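Single-structure report; data block below.
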Amino acid sequence: MNLAFVHEWLVAYAGSERVLAATADLYPDSPIYATLHDPRQTRGTPLENRRIHTTFLQKMPWALKRHRMYLPLMPYAVEQHDLSDYDVVFSSSHAVAKGVLTRTDQLHLSYVHTPMRYAWDLYFGYPGQGGRSRGVGGLAAKLFLHYLRLWDLASANRVDVFLANSRYIAKRIQKIYRRRAIVAPPPVDVDRFQPDGPREDFYLVVSRLTPYKRVDLIIEAFNQSGLPLLIIGDGPERERLERLAKPPIQFLGHLDDAQVADHMQRCKCFVFAALEDFGIAPVEAMAAGAPVIAYGRGGAAETVVDGVTGYHFHRQSPDELIKAIRRFEDLHDRMPAEAIRGRAEKFSTANFQTRIRAVIDNCWESFNQGRHVTGDHQR
């Protein structure tokens, strides 16, 4: 099997890049195709020494620093990857990577982190999105996003097998593309956490401080409860959130991975209020033996087991979160760290790689035998 990987753009090393790295590790000789690549961002990562092919966008002005300004060219750019030498194409997509061109004798599997949110779910959601923009610029944005949705739907038909990082995203794929997807949760490095240390009397948030993470909701709840809360992370919302917070809430800013792990291993409970596609931070906290209070929608509803490894709250409101906190305070002694850690280990990198390898091998075998390949037998 001659396989190539396709990724959107390699200008950071975050969640989708970690999925790519864990998958590519199974095929060390396979090249990676990306519209853009900033070598500084992959230095010291598992992707550092991979063969990476880029597009004409690599030479465009300010492309590495402001790659999103070239989004209108991305659909065309990704179609310029020449993948004709490969039997199997594995794309890692949250925007355009799934739109590569393949022949009928090539198998294309696409791991979709999410269908592009700014073209679909967020169109009417935030000021500045196409659905709310005004004037000539607003009209141009609406027309572009209309074109992007049409291209997104057309390019979905180029994929033989879809994979999703959660059942939540599989439902979005079904809704938007009318296609079924194999659920393969992303890899979590559970081995860097130790779950058996003593617990201290503080709650913990680890998050980028942006609006959709809903750290403001957590702060409002803890302002009312008076319980100690530590917040690790930075972002554009930090100043506003610091004004909102009352003692004993503390902001620790950005900390390195070892410091984050140390706090997760010592905290009484981890708190998570965002609607995420998967949400790696709650799984990391469970790997550290910490119970998790999480918003009961999206990926966290699938990873945090209500009443076993933590508690869910079902509306993004301070009152609902306070109810979950009180429930936890009454019952948290019933949650042993070993059981919480055991749940996290189901999302380990080793389990992810075993799952992905089986999907690729079985789909390739079916494809070679001339059977219709959907991946449903892997569900």
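The values are calculated or read from the model by the stated rules, or taken from the named source; none is laboratory data. None of these values were measured; they are calculated from a predicted model. Note: ideal-geometry Cβ built from the backbone for every residue, glycine included; neighbour counts use all protein chains shown.
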Query raised in the report: Going through segment 141-182 one residue at a time, which ones are among the aliphatic types (A, V, I, L, M), under 20 Å from SER92 (Cβ atoms) and over 19 Å from the mean Cα position of the chain (by Cα)?
Result: LEU148, LEU153, ALA154, ALA156, VAL159, VAL161
Query raised in the report: Out of all the residues in segment 91-112, is one or more within 23 Å of the chain's Cα centre (by Cα), among the acidic types (Asp, Glu) and outside the structural domain of PHE278 (by TED's automatic domain parsing)?
Result: no
Report task. Could you tell me whether any residue of segment 67-78 is modelled with pLDDT under 95 and under 28 Å from ASP257 (Cα atoms)? Result -> yes
Report summary line: Residue set LEU145, LEU227; condition crowded, with 16+ Cβ neighbours inside 10 Å, at pLDDT below 95 and either of a type in the set (Phe, Trp, Tyr) or not assigned by TED's automatic domain parsing to the domain that holds MET74 (or both); output residue LEU145
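Per-residue answers, yes or no, for (1) among the acidic types (Asp, Glu); (2) touching a helix residue (DSSP H, G or I) at 6+ places or on another chain (Cβ under 9 Å); (3) over 30 Å from ASP105 (Cβ atoms):
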position: ASP277; (1), (2), (3): yes, yes, yes
position: GLN353; (1), (2), (3): no, yes, no
position: PHE367; (1), (2), (3): no, no, no
position: GLY370; (1), (2), (3): no, no, no
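Residues are listed down the side, and each one gets a yes or a no for (1) surrounded by 15 or more Cβ atoms within 10 Å (Cβ to Cβ); (2) closer than 22 Å to ARG343 by Cβ; (3) among the β-branched types (Val, Ile, Thr):
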{"site": "PHE162", "(1), (2), (3)": "yes, no, no"}
{"site": "PRO195", "(1), (2), (3)": "yes, yes, no"}
{"site": "ARG199", "(1), (2), (3)": "yes, yes, no"}
{"site": "TYR203", "(1), (2), (3)": "yes, yes, no"}
{"site": "LYS213", "(1), (2), (3)": "yes, no, no"}
{"site": "GLU239", "(1), (2), (3)": "no, no, no"}
{"site": "PRO248", "(1), (2), (3)": "no, no, no"}
{"site": "HIS254", "(1), (2), (3)": "no, no, no"}
Query raised in the report: Scanning for something among the acidic types (Asp, Glu) and without any contact (Cβ under 8 Å) to a residue 24 or more places away in the chain, does segment 83-103 turn up at least one residue?
Result: no
Query raised in the report: Of all the residues that make up segment 197-212, how many are outside any loop (DSSP other than H, G, I, E, B) and modelled with pLDDT of 95 or more?
Result: 4
Report task. Consider only pairs whose beta carbons are under 9 Å apart and that are at least six residues apart or on different chains; among these, list those whose first residue lies in segment 32-57 and is assigned to a strand (DSSP E or B) and whose second residue is of a type in the set (Asp, Glu) and surrounded by fewer than 22 Cβ atoms within 10 Å (Cβ to Cβ). Result -> TYR33/ASP82; HIS53/ASP82
Requested in this report: Residue by residue through segment 141-166, note down the ones that are within 18 Å of TRP120 (Cα to Cα), not in a loop (DSSP other than H, G, I, E, B) and not small (Gly, Ala, Ser).
Outcome: LYS142, LEU143, PHE144, LEU145, HIS146, TYR147, LEU148, ARG149, LEU150, TRP151, ASP152, LEU153
Query raised in the report: Do any helices (runs of 4 or more DSSP H) lying entirely in segment 305-379 carry at least 1 residues that are modelled with pLDDT under 95 and under 30 Å from ASP87 (Cα atoms), and which ones are they?
Result: 349-368
Query raised in the report: Inside segment 58-79, can you point out the residues that are surrounded by 14 or more Cβ atoms within 10 Å (Cβ to Cβ) and either in contact (Cβ under 8 Å) with a residue 24 or more places away in the chain or part of a helix (DSSP H, G or I) (or both)?
Result: GLN58, ALA63, LEU64, HIS67, TYR70, LEU71, LEU73, MET74, PRO75, TYR76, ALA77, VAL78
Query - Sole exception among (1) more than 25 Å from the chain's Cα centre (by Cα); (2) crowded, with 20+ Cβ neighbours inside 10 Å; (3) among the small types (Gly, Ala, Ser) for SER366, by number - result: (2)
**Report entry** Residue satisfying all of: in segment 286-324; within 16 Å of PRO195 (Cα to Cα) and small (Gly, Ala, Ser); surrounded by the fewest Cβ atoms within 10 Å (Cβ to Cβ) among these
**Finding:** GLY289
